[in-house]
Amino acid sequence: MPSPGENLRINSARLWDSLMQMAQVGPGIAGGNNRQTVTDADAEGRALFKSWCDAAGLTMGLDRMGNMFMCRAGTDPEALPVYIGSHLDTQPTGGKYDGVLGVLGGLEVIRTLNDRGIRTKHPVVVTNWTNEEGARFAPAMLASGVFAGIHSLDYAYARKDPECKSFGAELARIGWVGDEEVGARKMQAYFELHIEQGPILEAEKKTIGVVTHCQGLWWLEFTLTGKEAHTGSTPMGMRVNAGLAMARIIEMVQEVAMAAQPDAVGGVGQVNFSPNSRNVLPGTVIFTVDIRSPDQAKLDGMRAEIERRAAAICDDLKVGCAVEAVGHFDPVTFTPELVGRVRAAAEKLGYAHRDIISGAGHDACWTAKVAPTTMVMCPCVDGLSHNEAEEISPEWAAAGADVLLHAVLETAVVVD
Ligand SMILES: [Zn+2]
């Protein structure tokens, strides 16, 4: 059967209504949400989502990480399912759309197929991944990471929240441990719709981001050792100033990132001066350099240059310098064939689009390790996310879900 025409659209009002209903669960204090993973609010959100899936005729698979797989059957029992997914958990002061749009956008795709009586060869499965945010239990994307074989189940169960409650015990407490082995499922493809969480699409008046890559990153923790000394009585020539070395390194990181354009970033977001007293030169300075690029060679090159030049800066100032890599993700290249389907769908539907690189981590970054994967992005106001004020328009949400619908249908194969 030929591909559905450009008149096939999701029901924008129904999608928006579902987003607003989910936002009632685990309300924040400033108009957003606090629906952190494996809390009572998470359980309530899951139950609401499941009730909608039940009404849409979907059957649920639940794995030992609490990942929910809501399946609409295909016509070919041998065909691998096409997955759509994201997450319903939020930051402690999170927004109404980060993650939620991808899950409820997937549900809306299925509701639309039901409305139109469209059958597909491959099953279509909407997934809610547990603990994408990592705010309560680090690291982020924990359950999709277990699914992709990055973490073991035991490692995940043993993660502790700030109150020393374990992930495994809390998942059991809220009643969402399934018996399905994590990662046993094979995917024909995985699609994730997500808000951009950055300002590019809105600034360029594009409705759709065709996501080609996820950035890789290095977090480099620097420990600089100087000499604590009185800021008034120590002559300039006799100082061993770890703070000055840090300042020069931050400036240098900026230069390295600027020289690696386009599509590379670098900066310092966390610093710790000790003793952090206004009239004492710091004896110890600890700070983290965060560098990112979608290009592995460029990313590793930036790291090497930063470490080499930092050593020279510290030598010059007689400051001790130790570097430890405390975080790393490889860059991800999404499956070109699926990326092409997202681009073609945006084109067909008449939505202004551009290729874009995800600056944040997503469950799709882990599924890409085990399945053909890609993402669709829509704008968010002022690029604001991980903030209760996070906002999108109903038109942007609908455009994202429309593109998802058509890209998924190309992959799941419409049956006459
Ligand atoms: Zn998210």
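The values are calculated or read from the model by the stated rules, or taken from the named source; none is laboratory data. Because the structure is predicted, anything quoted here is derived from the model rather than measured. Every residue, glycine among them, receives a Cβ derived from its backbone with ideal geometry; neighbour counts consider all protein chains shown.
So which of 82, 103 is more than 14 Å from the ligand (Cβ to nearest atom), modelled with pLDDT of 95 or more and not polar (S, T, N, Q)?
82
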### Query
Looking at residue 59, is it β-branched (Val, Ile, Thr) and exposed (fewer than 14 other Cβ atoms within 10 Å of the Cβ)?
yes
### Task
Among the residues of region 140-159, count how many are buried (at least 19 other Cβ atoms within 10 Å of the Cβ) and on the phi > 0 side of the Ramachandran plot.
1
### Task
Tell me which of these residue 247 doesn't satisfy, since it passes every other one: (1) without any contact (Cβ under 8 Å) to a residue 12 or more places away in the chain; (2) closer than 22 Å to residue 330 by Cβ.
(2)
### Message
Which numbered condition in (1) more than 16 Å from the ligand (Cβ to nearest atom); (2) touching a residue at least 24 places away in the same chain (Cβ under 8 Å) is the only one that residue 142 fails?
### Response
(1)
#### Entry: Number of the condition not met by residue 91 [criteria: (1) away from the ligand (no atom under 12 Å from the Cβ); (2) crowded, with 23+ Cβ neighbours inside 10 Å; (3) more than 14 Å from residue 188 (Cα to Cα)]
(1)
### Message
Consider region 113-139. How many of its residues are of a type in the set (Ser, Thr, Tyr) and within 16 Å of the ligand (Cβ to nearest atom)?
### Response
2
### Message
Looking only at region 202-213, filter to residues that are outside any loop (DSSP other than H, G, I, E, B) and away from the ligand (no atom under 16 Å from the Cβ); which one of those is nearest to residue 379 (Cα to Cα)?
### Response
202
### Task
Being part of a loop (DSSP other than H, G, I, E, B), more than 16 Å from the ligand (Cβ to nearest atom) and under 20 Å from residue 363 (Cα atoms) is the filter here, so list the residues in region 159-197 that pass it.
159, 176, 177, 178, 181, 182, 183, 184, 185, 186, 187, 188
### Summary
Expected output for region 59-83 (first residue farther than 30 Å from residue 155 by Cα and assigned to a strand (DSSP E or B), partner hydroxyl-bearing (Ser, Thr, Tyr) and at pLDDT 95 or above, Cβ below 9 Å, 6+ apart or cross-chain) is 72/59; 72/120
## Note on the structure
Note on region 95-131: residues over 13 Å from the mean Cα position of the chain (by Cα), touching a residue at least 24 places away in the same chain (Cβ under 8 Å), over 16 Å from residue 185 (Cβ atoms) and outside any helix (DSSP H, G or I) are 95, 96, 118, 119, 120, 121
### Task
Return the pairs, sorted by first residue and then second, in which the second residue is basic (Lys, Arg) and surrounded by fewer than 17 Cβ atoms within 10 Å (Cβ to Cβ), the first residue lies in region 270-297 and is closer than 23 Å to residue 230 by Cβ, the beta carbons are less than 8 Å apart, and the residues are 6+ apart or on different chains.
281/227; 283/227
#### Entry: Enumerated strands (runs of 3 or more DSSP E) restricted to region 277-382, each holding at least 1 residues that are surrounded by fewer than 20 Cβ atoms within 10 Å (Cβ to Cβ), more than 16 Å from the ligand (Cβ to nearest atom) and within 21 Å of the chain's Cα centre (by Cα)
284-293, 320-329, 353-358
#### Entry: Residue list for region 333-345, filter: touching a Ser or Thr at 6+ places or on another chain (Cβ under 8 Å) and either of a type outside the set (Phe, Trp, Tyr) or closer than 18 Å to residue 304 by Cβ (or both)
333, 335, 338, 339, 341, 342
### Query
Quick one: is residue 77 away from the ligand (no atom under 16 Å from the Cβ) and at pLDDT below 95?
yes
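Looking at region 383-397, which of the residues that are aliphatic (A, V, I, L, M) and in contact with a strand residue (DSSP E or B) (Cβ under 9 Å, 6 or more places away or on another chain) is nearest to the ligand (Cβ to nearest atom)?
Going through the qualifying residues, I end up with 392.
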### Message
Pairs needed: first member in region 194-218, closer than 23 Å to residue 94 by Cβ; second member anywhere, among the acidic types (Asp, Glu) and within 16 Å of the ligand (Cβ to nearest atom); C-beta distance under 9 Å; at least 6 residues apart or different chains.
### Response
194/98; 195/98; 195/390; 197/98; 197/390; 202/196; 209/196; 211/192
